[in-house]
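Q: Next up is a structure, given as structure tokens.
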Amino acid sequence: MLVTAIEARPVRSLDQVRVELEPGIVSVVGANGVGKTNLVESLYFALTGRSFRTSDRRDLIPFGGSLARAEASVRDEDGLERRLLASISRTDGRRHLLDGSPADPATLARNRPPVAVFAPDRLSLVKGPPAERRAHLDGFAAARWPARTELRKRYGQALAQRNALLSRLAAGYGASGDLDVWDAGLADAAAPLVAARDEAIAELSGPFAGAAAELGLEGGASLEYAPRAAGSAEEIRAGLEERREQDIRMGRSSWGPHLDELKLATAGRSLRRYGSQGQQRAALLALLFAEREVLLAARRVTPLLLLDDVMSELDPGRRERLVGRLDDGGQALITAADEQSLPAAALRSVVRMPMPPALPSAAAA
């Protein structure tokens with residue numbers, strides 16, 4: 001599944017811009033401030049309905065404007081073209097459409113490639129709170145095994161229901177036995193989520209260590225899944241019952257997959273706590289490359305990797321190795337301030353910015 005074109009009409013500083021994309025590596029080259037990152041963000045927005053730079057989609061609206069809109073054309077393995085459009089309006093809110101019609105998130109996800117982003121702001125995935133790593137891991141598991149797409153949502157709903165009852169019990173309403181049903185529901189949702197995370201890490205660990213070594217993480221890099229609750233649904237339910245009185249006092253669930261951690265380490269030391277900026281950058285890249293390698297090997301779909309300002313802190317040898325990894329399949333966009341920083345293999349398809357405005361299309365009218 002390949003992205004064949006991206007349109008920003010408008011997004012941040014981009015207005016009426018259309019870029020056609022080739023398979024493989026596409027390099028977006030231009031001086032700082034011309035909109036390279038905005039183009040990458042537009043593509044991510046069109047595919048996912050979100051931004052990787054901000055939690056408030058309204059930040060994508062140009063200054064003084066009322067709307068941000070991005071559209072991506074995607075071609076699947078059978079040659080079928082689909083169009084995904086995302087927009088955010090100050091008056092009408094947000095939309096995410098497939099071929100002009102609303103679609104649920106699962107349907108939208110099935111009609112686009114899995115997409116991962118490297119950007120300086122994304123280092124929070126390594127050095128930030130565990131919730132970001134859990135969400136990222138669940139997103140990878142959904143791309144690797146589409147039948148498991150709803151596991152995270154299902155668990156979140158069960159957790160919210162149990163927490164609502166715990167809040168009532170903490171306030172003195174109801175009896176602790178009322179939790180029996182909600183414990184069972186939470187345990188039934190937790191067990192397959194924990195299993196999916198565990199399987200995902202088992203597949204990613206080897207490729208992560210290999211990519212990390214190539215990118216200069218010395219001493220052996222590792223991924224480790226640290227679940228708070230593990231085992232069968234029955235075992236998790238028993239664990240919830242053991243902690244019931246504590247949970248009632250707290251008014252929330254103090255144990256379960258919503259507290260799991262994904263640990264990234266090198267030489268046995270936590271990269272979150274002890275890693276330098278350079279080590280954390282390398283670890284993030286290694287994780288994204290590991291996910292890409294696993295998805296390519298599984299032949300599920302062609303993953304899309306967006307690499308913003310990735311070359312600036314890599315020496316020439318590591319730049320070559322990075323591009324070599326990208327040149328074995330899949331699709332990738334790389335931004336760079338100048339072509340001299342890019343290995344030859346990354347210069348077969350180049351988009352130079354700034355670009356002239358695109359002519360309005362019928363779809364944008």
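The values are calculated or read from the model by the stated rules, or taken from the named source; none is laboratory data. None of these values were measured; they are calculated from a predicted model. We place every Cβ from the backbone using ideal geometry, glycine too, and count neighbours over all the protein chains shown.
Q: Out of Tyr173, Tyr225, Tyr155, which single residue is surrounded by 15 or more Cβ atoms within 10 Å (Cβ to Cβ) and not in a helix (DSSP H, G or I)?
A: Tyr225
Q: Just to check your reading of the model, which residue among Asp138, Asp104 is among the acidic types (Asp, Glu) and surrounded by fewer than 19 Cβ atoms within 10 Å (Cβ to Cβ)?
A: It is Asp104.
Q: Turning to a different aspect of this structure: Of the conditions (1) under 22 Å from the mean Cα position of the chain (by Cα); (2) part of a helix (DSSP H, G or I); (3) surrounded by fewer than 20 Cβ atoms within 10 Å (Cβ to Cβ), Phe289 fails just one. Which one is it?
A: Of the numbered conditions (1) under 22 Å from the mean Cα position of the chain (by Cα); (2) part of a helix (DSSP H, G or I); (3) surrounded by fewer than 20 Cβ atoms within 10 Å (Cβ to Cβ), the odd one out for Phe289 is (3).
Q: Condition first: at pLDDT 95 or above and more than 16 Å from Lys263 (Cα to Cα). Now tell me which residues in segment 185-226 satisfy that.
A: Once the filter is applied, which keeps residues that are at pLDDT 95 or above and more than 16 Å from Lys263 (Cα to Cα), segment 185-226 yields Gly185, Leu186, Ala187, Asp188, Ala189, Ala190, Ala191, Pro192, Leu193, Ala195, Ala196.
Q: Identify, from the list Glu77, Glu22, the residue that is in the same structural domain as Ala109 (by TED's automatic domain parsing), farther than 21 Å from Asp308 by Cβ and not in a helix (DSSP H, G or I). Explain how you work it out, then say what you get.
A: Working: Glu22 fails: farther than 21 Å from Asp308 by Cβ.
Result: Glu77 is the single residue among Glu77, Glu22 that is in the same structural domain as Ala109 (by TED's automatic domain parsing), farther than 21 Å from Asp308 by Cβ and not in a helix (DSSP H, G or I).
Q: Working only within segment 314-350, note down all residues that are assigned to a loop (DSSP other than H, G, I, E, B), among the charged types (D, E, K, R) and either under 25 Å from Met1 (Cα atoms) or not assigned by TED's automatic domain parsing to the domain that holds Glu77 (or both). Don't jump to the end; show me each part of the working.
A: Going through segment 314-350, the residues assigned to a loop (DSSP other than H, G, I, E, B) turn out to be 314-315, 327-330, 337-338, 342-343, 347-349.
Now drop any that are not among the charged types (D, E, K, R), which leaves 315, 327-328, 338, 348.
Asp327, Asp328, Arg348, listed by residue number.
Q: Here is a further query. Could you check segment 269-313 and list, in sequence order, the residues that are touching a residue at least 60 places away in the same chain (Cβ under 8 Å), assigned by TED's automatic domain parsing to the domain that holds Glu22, over 23 Å from Asp76 (Cα atoms) and among the aliphatic types (A, V, I, L, M)?
A: Matches in segment 269-313: Val310 only.
Q: Which of the residues spanning segment 240-254 are without any contact (Cβ under 8 Å) to a residue 24 or more places away in the chain and farther than 13 Å from Ser176 by Cβ?
A: Once the filter is applied, which keeps residues that are without any contact (Cβ under 8 Å) to a residue 24 or more places away in the chain and farther than 13 Å from Ser176 by Cβ, segment 240-254 yields only Ser254.
Q: Taking the condition assigned to a helix (DSSP H, G or I) and surrounded by fewer than 23 Cβ atoms within 10 Å (Cβ to Cβ), does Ala297 pass? It would help to see each step written out before you state the result.
A: Details: assigned to a helix (DSSP H, G or I): yes; surrounded by fewer than 23 Cβ atoms within 10 Å (Cβ to Cβ): yes.
Yes; evaluated as a whole, the condition is true for this residue.
Q: Out of Ala195, Ala211, which single residue is crowded, with 16+ Cβ neighbours inside 10 Å, free of Cβ contacts under 8 Å to residues at least 24 places away in the same chain, aliphatic (A, V, I, L, M) and outside any strand (DSSP E or B)?
A: None of the others qualify; the one that does is Ala195.
Q: Something else now. Sort out which residues of segment 43-60 are under 15 Å from the mean Cα position of the chain (by Cα) and either at pLDDT 90 or above or hydrophobic (A, V, I, L, M, F, W, C) (or both), and write them in order of number.
A: Leu43, Tyr44, Phe45, Ala46, Leu47, Thr48, Gly49, Arg50, Ser51, Phe52
Q: For residues that are surrounded by 14 or more Cβ atoms within 10 Å (Cβ to Cβ) and on the phi > 0 side of the Ramachandran plot, tally how many sit in segment 31-67.
A: 2
Q: Select from segment 3-18 the residues that are surrounded by fewer than 21 Cβ atoms within 10 Å (Cβ to Cβ) and in contact with a helix residue (DSSP H, G or I) (Cβ under 8 Å, 6 or more places away or on another chain) and list them in ascending order.
A: Ser13
Q: Would segment 46-55 turn up any residue that is over 30 Å from Trp145 (Cα atoms) and in contact with a helix residue (DSSP H, G or I) (Cβ under 7 Å, 6 or more places away or on another chain)? Steps first, answer last, please.
A: Kept after step one, since they are over 30 Å from Trp145 (Cα atoms), are these residues of segment 46-55: none.
No: zero hits.
Q: Say we look at segment 10-39 and pick out the residues that are more than 21 Å from Ala346 (Cα to Cα) and of a type in the set (Gly, Ala, Ser); which of these is modelled with the lowest pLDDT?
A: Applying the filter and picking the extreme gives Gly33.
Q: Are there any pairs, at least 6 apart or on different chains, whose C-beta atoms fall under 8 Å, with the first in segment 99-119 and among the polar types (S, T, N, Q) and the second assigned to a strand (DSSP E or B), and if so, which?
A: Partner pairs satisfying both residue conditions: Thr107/Leu98; Asn111/Val74; Asn111/Arg82; Asn111/Leu84; Asn111/Leu98.
Q: Could I ask something else about it? In segment 129-160, how many are over 24 Å from Arg110 (Cα atoms) and either of a type in the set (S, T, N, Q) or in contact (Cβ under 8 Å) with a residue 60 or more places away in the chain (or both)?
A: 2
Q: Next question, about the same structure. List pairs: first in segment 169-187 and without any contact (Cβ under 8 Å) to a residue 60 or more places away in the chain, second of a type in the set (Ser, Thr, Tyr), Cβ under 9 Å, 6+ apart or cross-chain?
A: Pairs found: Ala187/Ser232.
Q: Within segment 266-297, count every residue that is touching a helix residue (DSSP H, G or I) at 6+ places or on another chain (Cβ under 6 Å) and among the small types (Gly, Ala, Ser).
A: Here the count works out to 3.
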